[in-house]
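Enquirer: Please see the structure below; I have some questions.
The values are calculated or read from the model by the stated rules, or taken from the named source; none is laboratory data. Bear in mind that the values here come from a model prediction, so they are computed numbers and not experimental data. Every residue, glycine as well, gets a Cβ built from its backbone with ideal geometry; the counts of neighbours run over all protein chains shown. When the accessible area is computed, the model is the full protein with side chains, heavy atoms only, and any ligands, DNA or RNA have been set aside. Shrake-Rupley method; radii C 1.70, N 1.55, O 1.52, S 1.80 Å.
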Amino acid sequence: MLRNAEALDGPIKLSLSIDLDCLKPSYAPGMGTPEPGGMKPMQLMSVVRELDAKNEIIGVERIHSREKQV
């Protein structure tokens with residue numbers, strides 16, 4: 001799913017911003033811009049784990065556009 005990335009001086013340091021709108025609406029109800037055909041949480045975690053295995057994750061933030069008024 002991800003391409004290999006290499007740095008000449010060691011692992012790449014990453015800071016991740018994860019927008020919850022990337023998830024299927026059934027897993028993140030009430031988001032402002034739901035994404036039909038989005039990811040399941042386990043798919044998202046698989047991507048994060050793969051990034052972590054090949055790089056150094058130094059920070060993670062969870063963001064979303066705007067919660068819909070229910």
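Enquirer: For segment 4-28, which residues satisfy the criterion of being in contact with a strand residue (DSSP E or B) (Cβ under 6 Å, 6 or more places away or on another chain), farther than 16 Å from R62 by Cα and either at pLDDT below 85 or not basic (K, R) (or both)?
Expert: Of everything in segment 4-28, just one residue is in contact with a strand residue (DSSP E or B) (Cβ under 6 Å, 6 or more places away or on another chain), farther than 16 Å from R62 by Cα and either at pLDDT below 85 or not basic (K, R) (or both), namely P11.
Enquirer: Here is a further query. Kindly list the number of the only condition in (1) in contact with a Lys or Arg (Cβ under 9 Å, 6 or more places away or on another chain); (2) modelled with pLDDT of 90 or more; (3) surrounded by 10 or more Cβ atoms within 10 Å (Cβ to Cβ) that fails for D52.
Expert: Result: D52 fails condition (1) only.
Enquirer: Further, regarding this structure: Scan M31, M39, M1 and give me the residue that is modelled with pLDDT of 85 or more and either open to solvent by 60 Å² or more (accessible area, probe 1.4 Å) or of a type outside the set (V, I, T) (or both).
Expert: Only one candidate qualifies: M39.
Enquirer: Now for a different question. Anything in segment 11-26 that is under 24 Å from A53 (Cβ atoms) and either among the polar types (S, T, N, Q) or part of a loop (DSSP other than H, G, I, E, B) (or both)? List them, or say none.
Expert: Within segment 11-26, P11, I12, S15, S17 qualify.
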